[in-house]
Amino acid sequence: MSTIYNFCAGPAMLPAAVMQKAQQELLDWQGHGVSVMEISHRSQAFIDLTKAAESRLRSLMNIPEDYHVLFMHGGGRGQFSAVVNNFLGNNGRALYLESGQWSRSATAEARKLAGDDRIDSQSIVEKVNGLNKVTLPKLEGDSGKYRYVHYCPNETVDGIEIFEELESPWPIVADMSSTIMSREIDVSRYGLIYAGAQKNIGPSGLAIVIVRKEMLALPAMPQSSIMDYRLAAENDSMFNTPPTFAWYLAAEVFEWLHRMGGIEAMAELNKAKAELLYACIDELDFYRNGVAAQNRSRMNVTFQLADESLNGEFLKEAEAAGLVALKGHRIVGGMRASIYNAMPLAGVEALVAFMQAFAAKHSS
Ligand code: PLP
């Protein structure tokens, strides 16, 4: 089979080495004679796996001791409601910063659960010279005004990334679903980080939550036990049966990241991949990207063809060349190349070569 490069925004491609190992181990994990999916989550072998997963993640992200690492159900959206239920109690308030589709969805979910009065929101993106540009607000005020401020450092749909650090008198809750482990961050700046797994971690359905222990003293709303951070922390993320196969694959991805040189090395590679692709878009009048230079996502590169009537042909020819899932999100249209950690440089080079040849062929 010729090489396929999968640019899907999520579930996204996983590292080939991880998939090959998982395939070899599928029917007989560690000599147990059964798959990791068929083994008790209470068995010592599985508990050892979870401990290895956590310690690999802690060392990759340099997670301080005063943070819990939780492996939870319900993906990214599950956390939209979990943060509200866990931290807002009867009368807590929160501020939501909106920079695109996903942060707006998080606000909507928070309002549904806590009511409009308790959730303030602020748009932080605007069009400047026709390009989407984020300006982080100067957040000031009484430290008790909000329990947290929520934002999304990488907007998967819009291709907008926020590299600047948010300063806040309130704990920062960040939806890092599509940027986690793509570049170095200082975890100690955050009250809570969450990420749906299906981009840089593993299979969908799993969510990783990294939460400062003292945040768990905040009063919660009545809520489902399986989404309760306190119960998850007390039970080593095993209050109920966890998504064991997803956890296993996440552990393998973390090990692969270590072998690749960790997040520092990954960040360099991600920067090089993104620069190559944006350079191609900028050099040819045939393509355009609508995001200000400082907010161009390194994970989700959105672009439009100047002649949108060629969209269908572009996707068809790309697929024939082994470059799949380039269609933009239905809300924004155009194209989107998601180039997460597992996408090799060769995949981006192949895409750029294709885009250049397509433009040459279809330019009149
Ligand atoms: N947040 C971001 C930034 C996302 O990209 C996504 C999904 O793509 C989600 C949240 C929702 O994740 P899930 O589909 O796992 O609920």
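None of the figures in this text is laboratory data; all of them are computed from the coordinates on show. As the structure is a prediction and not an experimental result, all values here were calculated from the model. Note that each Cβ is placed from the backbone with ideal geometry, even for glycine, and that neighbours are counted across all protein chains shown.
Within region 228-266, the set of residues being assigned to a helix (DSSP H, G or I) and in contact with a Ser or Thr (Cβ under 7 Å, 6 or more places away or on another chain) comprises Leu231, Trp247, Met266.
Let's see how each residue does on (1) away from the ligand (no atom under 16 Å from the Cβ); (2) at negative phi; (3) not β-branched (Val, Ile, Thr):
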{"position": "Gly74", "(1), (2), (3)": "no, no, yes"}
{"position": "Phe80", "(1), (2), (3)": "no, yes, yes"}
{"position": "Val84", "(1), (2), (3)": "no, yes, no"}
{"position": "Gly92", "(1), (2), (3)": "yes, yes, yes"}
{"position": "Glu98", "(1), (2), (3)": "no, yes, yes"}
{"position": "Val125", "(1), (2), (3)": "no, yes, no"}
{"position": "Lys138", "(1), (2), (3)": "yes, yes, yes"}
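If only residues of region 145-161 that are surrounded by fewer than 24 Cβ atoms within 10 Å (Cβ to Cβ) and hydrophobic (A, V, I, L, M, F, W, C) are counted, the one that is nearest to the ligand (Cβ to nearest atom) is Val157. For beta carbons closer than 7 Å, sequence separation of 6+ or different chains, a first residue in region 130-153 that is without any contact (Cβ under 8 Å) to a residue 24 or more places away in the chain and farther than 22 Å from Arg77 by Cβ and a second that is surrounded by fewer than 21 Cβ atoms within 10 Å (Cβ to Cβ) and of a type in the set (D, E, K, R), there are no qualifying pairs. Among the residues of region 174-216, the ones that are surrounded by fewer than 20 Cβ atoms within 10 Å (Cβ to Cβ) and more than 16 Å from the ligand (Cβ to nearest atom) come to 9 in all. Being under 23 Å from Ala207 (Cα atoms), within 16 Å of the ligand (Cβ to nearest atom) and touching a helix residue (DSSP H, G or I) at 6+ places or on another chain (Cβ under 7 Å) is a condition met by at least one residue of region 8-24. For region 19-27, indicate whether the set of residues that are free of Cβ contacts under 8 Å to residues at least 60 places away in the same chain, surrounded by fewer than 20 Cβ atoms within 10 Å (Cβ to Cβ), under 19 Å from the mean Cα position of the chain (by Cα) and within 22 Å of Glu255 (Cα to Cα) is non-empty. Looking through region 19-27, none of the residues is free of Cβ contacts under 8 Å to residues at least 60 places away in the same chain, surrounded by fewer than 20 Cβ atoms within 10 Å (Cβ to Cβ), under 19 Å from the mean Cα position of the chain (by Cα) and within 22 Å of Glu255 (Cα to Cα).
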